[in-house]
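A quick write-up on the structure given underneath.
The values are calculated or read from the model by the stated rules, or taken from the named source; none is laboratory data. All of these numbers come straight from a predicted model, not from anything done at the bench. Cβ placement follows ideal geometry from the backbone for every residue including glycine, while neighbour counts extend to all protein chains displayed.
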Amino acid sequence: MKSTMLLSLALAGALLSAPVAAQAPARTVIHAGKLMAEPGKPVRGATTIIVENGKVVAILDGFRPADAGAVLIDLKDKYVLPGLIDSHVHLTSDAGGLAGQLEEVTLSPAAQAFNAEVNGMKTLRAGFTTVRNLGDGDGATLALRDAILAGKVQGPRIVDAGNAISGSAGHMDGSLGYRDELRPYFQGAGNTCNGADDCRRAVRLQVGRGADVIKFASTGGVNSRIGAGLGKQMFDDEAKAIVDTAHMFGKKVAVHAHGADGIRLALDAGADSIEHGTILDEVEGLLCSDLVDGERLQGTAGGERECL
């Protein structure tokens, strides 16, 4: 296990009792009754974990005494494992469909920020110390990410996509489903694009807002507000422009894609991950297995398949 692996599921829960803005102790000693340290290897028995400045620096057999001045955390009756990572969350809301649409016009950005903080803590208490938040129009999770890093509030490490991108009338077009006279208000977010140059602009906007990763939708979705299906809803040059611009800025690209044609479009453009991959065929499955960094196809809790 890499020495930089962050705190464990059980340790995360133990540390939640510390003051919000308190600095982590310089040295922490953890006595773990059982330690799941490396995938595919047996669970370790009595183990001492040494943490310095928030990072694991040593894993030792048995229960070793804590040095003077070190903080001792007793987890002798607990299972301890590295913090989990959830690669697709939406912290500002649990709602979908009409309920989600209603929230867009009834919840203020401040209310969404409180939702994000509450959901972030639910995630952390479940053992997920890092999450990738793939879509937030008002910047609540960008602000929460920064507040957590600054030690102002508690929560998981957040890798944030800012506002997800699509073509106009695509899955990320927030103006869909509203009366014509209201649509210009929702189109002001700047996350929809038409043509390659405009899609480059949309990516630059999210990079400028501080996004860690770029997300776009190449297909329709289950919660789309127009009956355009789950197939491709973006041209090849638009998708390539988004990916190339994001990569130029050193950002990886996650793509919402259900239909096989939209999955192929994203993979051909150089996407780094495919979200959902519901109607994946054999060819796209093979392409997914060749994604960069050894990323591969795997199942999700909801039964969908994703290239991760």
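Annotation note: Cβ proximity below 6 Å between a residue of the stretch 195-222 that is assigned to a loop (DSSP other than H, G, I, E, B) and a residue that is of a type in the set (S, T, N, Q) (sequence gap 6+ or interchain) occurs for GLY220/GLN233.
Scanning the stretch 64-112 for residues that are among the acidic types (Asp, Glu), over 22 Å from PHE128 (Cβ atoms) and free of Cβ contacts under 8 Å to residues at least 40 places away in the same chain returns a single hit, GLU103. The set of residues in the stretch 186-213 being modelled with pLDDT under 95 and in contact with a Phe, Trp or Tyr (Cβ under 8 Å, 6 or more places away or on another chain) consists of PHE186 alone. From the list ALA22, ALA12, ALA18, the lone residue that is modelled with pLDDT under 95, within 29 Å of GLN112 (Cβ to Cβ) and crowded, with 17+ Cβ neighbours inside 10 Å is ALA12.
Within the stretch 162-177, the set of residues being in contact with a helix residue (DSSP H, G or I) (Cβ under 7 Å, 6 or more places away or on another chain) and surrounded by 17 or more Cβ atoms within 10 Å (Cβ to Cβ) comprises GLY162, ASN163, ILE165, GLY167, GLY174, SER175. Any residue in the stretch 159-176 that's in the same structural domain as LYS252 (by TED's automatic domain parsing) and closer than 16 Å to GLY231 by Cα: show its pairings with residues that are at pLDDT 95 or above and surrounded by fewer than 21 Cβ atoms within 10 Å (Cβ to Cβ) at Cβ separation under 8 Å, as long as the two are six or more apart or on different chains. Partner pairs satisfying both residue conditions: GLY167/ASN194; GLY167/PHE235; SER168/ASN194. Screening the stretch 234-299 for helices (runs of 4 or more DSSP H) wholly inside it with 2 or more residues that are in the same structural domain as ASP197 (by TED's automatic domain parsing), surrounded by fewer than 16 Cβ atoms within 10 Å (Cβ to Cβ) and modelled with pLDDT under 95 returns the ranges 282-289. Just to be sure before I move on: is ALA37 outside any loop (DSSP other than H, G, I, E, B), crowded, with 18+ Cβ neighbours inside 10 Å, small (Gly, Ala, Ser) and touching a strand residue (DSSP E or B) at 6+ places or on another chain (Cβ under 9 Å) in the structure I sent? Criteria not met by ALA37. Of the strands (runs of 3 or more DSSP E) lying entirely inside the stretch 46-154, those containing at least 1 residues that are exposed (fewer than 13 other Cβ atoms within 10 Å of the Cβ), of a type in the set (Gly, Ala, Ser) and modelled with pLDDT of 90 or more are 55-61.
Scanning the stretch 179-197 for residues that are out of contact with any Ser or Thr (no Cβ under 7 Å at 6 or more places or on another chain) and over 16 Å from ALA217 (Cβ atoms) returns ARG179, ASP180, GLU181, LEU182, PRO184, TYR185, GLY188, GLY195, ALA196, ASP197. Looking across the stretch 198-214, the residues that are touching a helix residue (DSSP H, G or I) at 6+ places or on another chain (Cβ under 6 Å) and surrounded by fewer than 20 Cβ atoms within 10 Å (Cβ to Cβ) come down to ARG200, GLY210.
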